[in-house]
Every structure is written in C-alpha cells, then in structure tokens.
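Reviewing the structure listed below.
The values are calculated or read from the model by the stated rules, or taken from the named source; none is laboratory data. Being a predicted model, the structure only gives us computed values, none of them experimental. Ideal geometry is used to build each Cβ from the backbone, glycine not excepted, and the neighbour counts take in all protein chains shown. When the accessible area is computed, the model is the full protein with side chains, heavy atoms only, and any ligands, DNA or RNA have been set aside. Shrake-Rupley method; radii C 1.70, N 1.55, O 1.52, S 1.80 Å.
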Amino acid sequence: MVLVIFLIGLCLGSFLNVVIHRMPRERSLLLPSSSCPKCKHKLRWIHNIPVFSFIYLKGACAFCRKPISWRYPVVELLTGVACAFLYLHFGSNRIFFETVIFSLLLISLIFIDFEHQILPDELNFSLLWIGLLVSTLPGFTSPEDAIVGAAVGYSSLWFIAKMYEFVTHREGMGYGDFKLLAALGAWTGWIALPWIVLIAALLGSVVAITLIAAKKANSKTAIAFGPYLAIAGWVVLIWGKQAFF
C-alpha cells in the first residue's frame, strides 16, 4: 500500500509542477495540455510520466533538446515521499488526508516563492480556509485557537516587518509571508507560532550565511522567507505535540 501511495504522490507532484509553472503566470491549470516551456512543442504521454520521463529523456526536451529543470523530478519525488511518509506516520485515516492537502499546498508555495518570490493568494487563502475548517474536527487545534492563530500570525509578522522597514528603510517581507503565517496559525493554533517563526528564522539564517560565504549573495540580496515558514509549519504540525508542546 505504501508503494501505491508513493506512486499516487508522484502523480500529484506532476500536477504541482503545472501549478508552480502556470499560476505565477496567471495561466489556466487545465488547458492547454503540457508543452515544452522553451520550444512550446506539445508533449506526448510518455514525456509526462513522473520522474521516469526525466530519466528517459536524459533531462532534455525530446524536441528542442533544451535542458529540463531539475525542479520537475524534485517536486515529484518530494511529493511522493511526503505522501508515503504521512501514510506511515498517521495511517489511512482523516488526518492523513488532511496533512496530504496541507503538504501539497505548502510544496506549491515553496517552489513558487523560490522561483518568483511571490506567494499567490489563491494558495495562501486556500490553506487558511481549509485550516479553519479542519479545526472544527478533532485533531490539530480548536476553532478558537485556529482563529486566534490566524489573526496573531498575520499581525505579528506584519509588525516585525514594519519595524524592520522603519529601522533599515528597506522592505524585509512581503504580505504573502504574513498571509502564509496566518494560514499556518489556522492549522497549528496560536501557541505554535513562536516555534514556527524561530525554526524558519534559523533555517533562513543558515541558508543566507551559506550563500554569502559562497559569494552567491550579499547582505542586500533578497531571499525568499516563505519556503522556510512553510517548512517550519510542516515540521511543527506533524511533530508539534510530541516535540514542542
């Protein structure tokens, strides 16, 4: 059964690649059918098999031979592994399906923010409203804590960003980050927010220091914060009660 879940996850990851590529460009997620981003040639079914197609094509388009981004197999594998892990962790129950939805939205947000430094409202608000709905069922948090978590998540990060902007006269975070933390607060409750921000800040600092040390960035380089918030939120939701509270 785990293998079946993994394979389904690969297919879901293939769809997430469509979301990641098309949503920032405000294109339909359903039409037209998949094509090469470089030469625009319509792809055949054998070119759309998750992971296998990338290996079969040796990482290049079948028509123009331009390189295919490594993001495609990475997203597919990450989604497949995440789905298999959640099945092993929670079993075949409602919590498993809820956390799969949570993970799919976060993976989309992570890679869109990495590539475009934006966090689309369509994904942030979907994550927020689903989190509030899930809170009405036994599992992660209560409806009261979810509502407070959403409000505190948005307002606290907004306040920190405005203070940073006041002191440095530079914009530190965008409104998409505020909305993402609000959505994470709806899933985890307000009590988890300090842990999410702390873990995200540590991850972001490690990456920033590494990039600066490798001379691939400097102190003024804009680095997306959303992916680290998303990773921290995922970790806290999955292991929160056992590890943090």
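Looking only at segment 32-69, residues that are small (Gly, Ala, Ser), assigned to a strand (DSSP E or B) and either in contact with a Cys (Cβ under 9 Å, 6 or more places away or on another chain) or surrounded by 15 or more Cβ atoms within 10 Å (Cβ to Cβ) (or both) come to 0 in all. Please enumerate the residues belonging to segment 203-237 that are open to solvent by 20 Å² or more (accessible area, probe 1.4 Å) and β-branched (Val, Ile, Thr). Answer for segment 203-237, where residues must be open to solvent by 20 Å² or more (accessible area, probe 1.4 Å) and β-branched (Val, Ile, Thr): VAL206, VAL207, ILE209, THR210, ILE212, THR221, ILE223, ILE231, VAL235.
So that you can scan it fast, the table gives a plain yes or no per residue for (1) over 15 Å from the mean Cα position of the chain (by Cα); (2) within 26 Å of LEU88 (Cβ to Cβ); (3) of a type in the set (Lys, Arg); (4) part of a helix (DSSP H, G or I):
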residue: ASN124; (1), (2), (3), (4): no, no, no, yes
residue: PRO138; (1), (2), (3), (4): yes, yes, no, no
residue: TYR154; (1), (2), (3), (4): yes, no, no, yes
residue: VAL167; (1), (2), (3), (4): yes, no, no, yes
residue: ARG170; (1), (2), (3), (4): yes, no, yes, no
residue: PHE178; (1), (2), (3), (4): no, no, no, yes
residue: LYS216; (1), (2), (3), (4): yes, no, yes, no
residue: PRO227; (1), (2), (3), (4): no, yes, no, yes
residue: VAL235; (1), (2), (3), (4): no, yes, no, yes
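VAL81: open to solvent by 60 Å² or more (accessible area, probe 1.4 Å) and in contact (Cβ under 8 Å) with a residue 60 or more places away in the chain, yes or no? Answer is yes for this residue.
Just one of the numbered conditions (1) in contact (Cβ under 8 Å) with a residue 12 or more places away in the chain; (2) not in a helix (DSSP H, G or I) is not true of ILE5: (2). Annotation: of all residues in segment 46-79 being among the aromatic types (Phe, Trp, Tyr) and out of contact with any Phe, Trp or Tyr (no Cβ under 7 Å at 6 or more places or on another chain), the one that is farthest from LEU12 (Cα to Cα) is PHE63. A Cβ distance below 9 Å, combined with a sequence gap of six or more or placement on separate chains, defines the contacts here; from segment 115-128, residues that are closer than 11 Å to MET23 by Cβ reach residues that are open to solvent by less than 70 Å² (accessible area, probe 1.4 Å) and of a type in the set (Asp, Glu) in the pairs LEU119/ASP113; LEU119/ASP177.
Table: residues versus (1) within 23 Å of ILE110 (Cα to Cα); (2) of a type in the set (Phe, Trp, Tyr).
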position	(1), (2)
SER14	yes, no
VAL18	yes, no
LEU30	yes, no
HIS41	no, no
HIS47	no, no
PHE52	no, yes
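Note on segment 113-146: among residues that are touching a Leu at 6+ places or on another chain (Cβ under 7 Å) and not hydroxyl-bearing (Ser, Thr, Tyr), the one that is most open to solvent (accessible area, probe 1.4 Å) is PHE140.
Scan segment 115-129 for residues that are closer than 16 Å to GLY149 by Cα and in contact with a Ser or Thr (Cβ under 8 Å, 6 or more places away or on another chain) and jot them down. Matches in segment 115-129: none.
Within segment 183-202, the set of residues being open to solvent by less than 10 Å² (accessible area, probe 1.4 Å) and closer than 23 Å to HIS116 by Cβ comprises ALA183, LEU184, ILE196, ALA200.
So which of LEU16, LEU29 ends up being assigned to a helix (DSSP H, G or I), open to solvent by less than 70 Å² (accessible area, probe 1.4 Å) and either closer than 20 Å to HIS116 by Cβ or among the polar types (S, T, N, Q) (or both)? Don't jump to the end; show me each part of the working.
On the way: LEU29 fails: assigned to a helix (DSSP H, G or I).
None of the other options fit; the residue is LEU16.
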